[in-house]
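Let me begin by presenting the structure, written as structure tokens, before commenting on it.
Where a number appears in this text, it was derived from the coordinates with a stated rule and is not lab data. This structure is a prediction, so every number in the text was calculated from the model and none was measured. Because the Cβ atoms are built from the backbone with ideal geometry, glycine has one as well, and the counts that use them run over all protein chains shown.
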Amino acid sequence: MFDLQAFENARCSLLINYGFMKNILNILLIIPIILYILLLFINLDLLSLKGSINLFWLTTIDISIISFTTIFFLSYILIVYLLLKFSNLFTVFKNKALEGKVNKLKATIQDGNGTMINELISKFDKVLEKNNQSNEKILEKYKKVNDKTILDLTYEIGDLKRKIEKIKK
């Protein structure tokens with residue numbers, strides 16, 4: 001049979017692992033930025049180098065190579081970061097859809113168990129009723145036997161009292 005608790009535990013561990021991996025990806029995006037800034041501080045001569053950039057054969061721009069590289073590098077990291085955040089949005093929608101499906105499955109499983117439980121309760125009630133009837137019969141039998149025994153004892157005690165009174169006289 002389907003183990004619902006094991007499924008919930010596996011689902012929660014996957015969500016925790018997903019959150020952990022998401023944090024690692026964010027850290028992995030920060031590491032290249034830090035390394036790039038360290039490289040700039042180590043090699044300050046890069047700041048004075050200039051190069052020309054040809055824009056589709058229309059014009060040529062003279063710009064610092066490090067500025068162009070920095071703009072490209074930071075825009076690339078920003079795009080990757082935004083894509084990760086945007087993919088998280090789809091993951092949230094997917095998780096909500098999966099939660100809806102899981103809740104529907106839980107409901108169907110509980111409905112199936114509900115009918116099974118109702119059947120068990122009805123069977124138990126029948127057995128209980130049968131046992132109660134047999135116990136009532138046995139109780140009535142014991143009551144009759146006890147009543148007869150008490151009547152016999154009272155008769156014998158009464159008979160003994162009369163005999164004792166006759167002896168006293």
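Stretched out fully, how many nm does the piece from N131 to K96 gain, at 0.36 nm a residue minus the Cα gap?
Using 0.36 nm per residue and subtracting the Cα-Cα distance, I get 7.5 nm.
Between 0 and 90 degrees, rounded to the nearest ten: what's the tilt of helix 65-168 against the longest Cα principal axis of the chain?
Once rounded, one gets 0 degrees.
Could you compute the net charge surrounding K144? Neighbours are other residues with a C-beta less than 15 Å from the C-beta of K144; K and R count +1, D and E count -1.
Around K144, the surrounding residues sum to 0.
For F86, F73, what's the fewest-to-most ordering of other Cβ within 10 Å of each Cβ?
F86, F73
Straight-line reach from K96: which aspartates and glutamates have Cα under 15 Å away, leaving out those fewer than 8 places along the same chain?
Excluding near neighbours in sequence, the set is E8.
Taking only DSSP H segments of four or more residues, each worth -39500 (n - 2.57), what value at 222 nm results for the chain once the sum is divided by all its residues, to the nearest 500 deg cm²/dmol? Please report the intermediate quantities before stating the final value.
Details: 2 runs with 143 residues, N = 169.
Helix contribution divided over all residues of the chain: -32000 deg cm²/dmol.
Can you tell me the relative contact order of the chain? Whole percent, Cα pairs under 8 Å, sequence separation 6 or more. Write down the numbers at each step before the final one.
On the way: 36 pairs, mean separation 19.0, N = 169.
Dividing the mean separation by the residue count of the chain yields 11 percent.
Full extension from Y76 to N54: what is 0.36 nm times the residue separation minus their Cα-Cα distance, to one decimal in nm?
The Y76-N54 span can extend by a further 5.9 nm.
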